[in-house]
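Everything below concerns the one structure shown next.
Bear in mind that the values in this text are calculations on the coordinates, not laboratory data. Not measured: the values here are computed from a predicted model. Every residue, glycine among them, receives a Cβ derived from its backbone with ideal geometry; neighbour counts consider all protein chains shown.
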Amino acid sequence: PSLGVVLVAAGRGERLGAGRPKAFVELADETLVERGIRTVIALPHAGHLAVVVPEECAAETLEIIDAVAPEGSGWEVSVVHGGRERHESVRFGLAALADTVDTVLVHDAARPLASRELFERVAAEVHRTGDAVVPALPVADTLKRVDAQGVVHETVDRAPLVAVQTPQGFPREQLDSAHATAALHAELPTDDAEVVQRAGGRVRIVSGEARAHKLTTAEDLILLENWIASERR
Ligand code: CTP
Ligand code: MG
């Protein structure tokens, strides 16, 4: 396989506070991790998927994979134990991918409604440019710079700003070497594009999508459930 996907699902989900890791919470009767796996194995070119999960969820993940990605789907699927920080979970996932993988997509299980088309758009742009690629949306709100006392100092021009999502795509060598060399511990990177930038790599954007919204809090759960319900109508 030449496409590799790292599905990071090893976070604790503290802000959601559901009493279990966020990727194992159900959204309209299906766990987030299951939705992510289903989207990936429906991609047109089969490859290698590494699902990165908390150690205590590994057995449940294997059961999910047996149910939704039986052999014959064409995808090789591996379960990997996560790390304390997101970038560690990504690194462990990368290390598990087959040697034949040359393009990698890293996706947050916490974005369960990201479409197959978005995965394809990101991968196509990586192939076209040889650069790292992230989905991005314009920022809608007015942005202010504030100080620690809560006093507003100025309005920030939002024209050059975008909000970025996952899946984020990379030439495999670029992401492997960035994770091996970039300084990541003083200030934690919140996405893989940041890891690549710290290693000096170029990152491009493609159009993101509203439905790739990240589930962070209980309000997001309601929002995403409403989207699913409206699509069924
Ligand atoms: N993630 C991971 N390993 C970690 C931390 C995060 O695999 N050590 C994954 C999460 O499972 C999620 C994605 O990275 O799919 C984005 O992280 P976030 O939204 O912050 O999820 P959590 O860390 O689970 O949530 P919280 O920060 O509220 O605890
Ligand atoms: Mg987190």
Of everything in region 174-191 that's aliphatic (A, V, I, L, M) and either touching a Leu at 6+ places or on another chain (Cβ under 8 Å) or outside any helix (DSSP H, G or I) (or both), which residue is surrounded by the most Cβ atoms within 10 Å (Cβ to Cβ)? L175
Which of the residues spanning region 82-104 are within 21 Å of F24 (Cα to Cα) and touching a strand residue (DSSP E or B) at 6+ places or on another chain (Cβ under 7 Å)? G82, R86, S89, V90, F92, G93
Only one of these conditions is not met by L113: (1) more than 16 Å from ligand 2 (Cβ to nearest atom); (2) surrounded by fewer than 18 Cβ atoms within 10 Å (Cβ to Cβ); (3) aliphatic (A, V, I, L, M). Which number is it? (2)
Which ones in region 97-134 are over 17 Å from the mean Cα position of the chain (by Cα), of a type in the set (S, T, N, Q) and not in a helix (DSSP H, G or I)? T100
Just give me the residues in region 28-51 being part of a strand (DSSP E or B) and more than 13 Å from ligand 1 (Cβ to nearest atom), in sequence order. E30, H48, L49
Looking only at region 1-17, which residues are buried (at least 24 other Cβ atoms within 10 Å of the Cβ) and more than 12 Å from ligand 2 (Cβ to nearest atom)? L3, G4, V5, V6, L7
I'm checking my understanding of the structure. Among residues of region 215-229 that are surrounded by fewer than 16 Cβ atoms within 10 Å (Cβ to Cβ) and within 16 Å of ligand 2 (Cβ to nearest atom), which one is nearest to V106 (Cα to Cα)? T216
Looking only at region 55-96, how many residues end up being of a type in the set (A, V, I, L, M, F, W, C), within 16 Å of ligand 1 (Cβ to nearest atom), touching a residue at least 24 places away in the same chain (Cβ under 8 Å) and part of a helix (DSSP H, G or I)? 6
Scanning region 192-213 for residues that are loosely packed, with under 15 Cβ neighbours inside 10 Å and either touching a residue at least 24 places away in the same chain (Cβ under 8 Å) or touching an Asp or Glu at 6+ places or on another chain (Cβ under 6 Å) (or both) gives R202, S207, A210
